[in-house]
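Have a look at the structure below before the remarks.
The values are calculated or read from the model by the stated rules, or taken from the named source; none is laboratory data. Keep in mind that what you see is a predicted model, and the values were worked out from it rather than measured. Using ideal geometry, Cβ is built from the backbone for each residue, glycine included, and neighbour counts are taken over all protein chains shown. Side chains are part of the model used for accessible areas, which takes the heavy atoms of the whole protein and leaves out ligands, DNA and RNA. Shrake-Rupley method; radii C 1.70, N 1.55, O 1.52, S 1.80 Å.
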Amino acid sequence: MNNSLDDSRTPAIVLGSGYTALGALRCLVAAGIPAYVACPAGDPVTRSRWYRPTPGATRWNGSLGPRGQAILRAMPLSNAVLIPCGDDAALWLAEIAGGELSHRFRVSSSSAETLQILQDKSRFGAFLAHHRLPHPRTYPIATLDDVAAIPFAELDRVFIKPADSQSFSRILGTKGIWATTREEFETIWRRLDAGGYKVIAQEYVPGSSADHYFVDGFRDRTGALAGLFARKRSRLYPADFGNSSYCHSIALAEVSGAVDCVTALLATLHYRGIFSAEFKRDSRDGTLRLLEVNTRAWWYVEFAARCGVNVCAMAFEDALGRPPETSSRDYRPGVGCLNLLQDMKAVRSLPRATRPSLWQVLRQWAGAYCHVFRWSDPWPSLTIVWSMAWQKLRRSAVRGTALASSRSDAKRARNT
């Protein structure tokens, strides 16, 4: 990691929070690019040794829309490159790239139309079907008639998935909801529809968590794939709709079909920017089916950089009109990345019949990169651990108070 920042260079502004923003910041610092972060106060990324708030009278908390534009206008920077860490930020920056602020604030971005196709799961499913790219069968749901048209009998399992994953996950705390029968689907859909959520029905691709593969990378303004990186998930938490807790790098040749699929998709859409495509191998026929494409930096973006594929640095160079340095496609396979706290839960939650031995798990952990913890930058992860411990203590205290109150009520009832 290059600790020195050359402030005479054009800086980058990371727009986001949490694991993704922290990873993006570290990617930029590793490339010697001066960086600021626009995020909420108290976010774990603010504990990083490399964190710097955006300059100016108003500290930017990452808000978008008119307020974000006003902050950019007043910012005392002649120019900067903006790096999105969320779907909403990527869409907003596509507007910035074509507006009045584009001469000062540069973005490596696709058109808003392209981003909307990839982000809206209804449009995404229809696009993949039209171009005959392998994907799970997907059904947009707007009315009860749409629910009635879902061929439940033909599908392995069905779950309800948001058209807008980011807001759905942020508010409801999950990426999807199982629906085992049409009646159960109708009940769940009515509740979500009343809350204003646009959803789809999607067939479940049978297989385990270890059947998930990712093709991450960067496509520049000329259409060249400057970076390509493949990884495989071993475990996730929570089950079904969680995030990877342990994954490892794999050779691109191991998922050549997925690479061909995402290459064709991005070319058809004239995509430009950072991407992370998730596939799942269908246990019925072995096909790698495309589940989704993230159009911005993702949770494990720093892991890709540590393996030699720094997509944030590529986005920075591309935004400034310079050709990004092409990364080697011969990176080392078998390198692991571990989110320790989540993976401990993931291992414990596995059925005993499929749970790896303690020795196997320890061997994986010993040779893996830590997802968040770095000896050179320890405070973000320590802050996260402290926050989780404090929340657990508070929940225990609340349960203890409630139990003591119920016992007191019961005692009073017996004495009356």
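When the residues of region 71-91 are filtered to those that are without any contact (Cβ under 8 Å) to a residue 60 or more places away in the chain and open to solvent by 30 Å² or more (accessible area, probe 1.4 Å), which remaining residue is nearest to the chain's Cα centre (by Cα)? Top of the filtered list is L91. Evaluated against (1) open to solvent by 80 Å² or more (accessible area, probe 1.4 Å); (2) of a type outside the set (S, T, N, Q); (3) at pLDDT 95 or above, A366 falls short on exactly one condition, (3). Highlighted here are the helices (runs of 4 or more DSSP H) found entirely within region 109-201 that include at least 3 residues which are basic (K, R) and open to solvent by 30 Å² or more (accessible area, probe 1.4 Å): 182-194.
Within region 303-332, the set of residues being part of a helix (DSSP H, G or I), within 14 Å of A24 (Cβ to Cβ) and open to solvent by 20 Å² or more (accessible area, probe 1.4 Å) comprises A305, R306. Exactly one residue among E278, E302, E254 is modelled with pLDDT of 95 or more and touching an Asp or Glu at 6+ places or on another chain (Cβ under 6 Å), and that residue is E278.
Taking the numbered list (1) open to solvent by 10 Å² or more (accessible area, probe 1.4 Å); (2) without any contact (Cβ under 8 Å) to a residue 40 or more places away in the chain in turn, L236 passes all entries but (2). The set of residues from region 98-108 being surrounded by fewer than 24 Cβ atoms within 10 Å (Cβ to Cβ), in contact with a strand residue (DSSP E or B) (Cβ under 8 Å, 6 or more places away or on another chain) and of a type outside the set (D, E, K, R) comprises just one member, F105. When each of A90, A112, A142, A129 is tested for being touching a His at 6+ places or on another chain (Cβ under 8 Å) and of a type in the set (A, V, I, L, M), the lone residue that passes is A129. Screening the candidates R231, R221 for the property of being within 15 Å of the chain's Cα centre (by Cα), of a type in the set (K, R) and over 23 Å from Q202 (Cα atoms) yields one hit, R231.
Exactly one residue among G42, G68 is farther than 22 Å from N294 by Cα, outside any helix (DSSP H, G or I) and free of Cβ contacts under 8 Å to residues at least 40 places away in the same chain, and that residue is G42.
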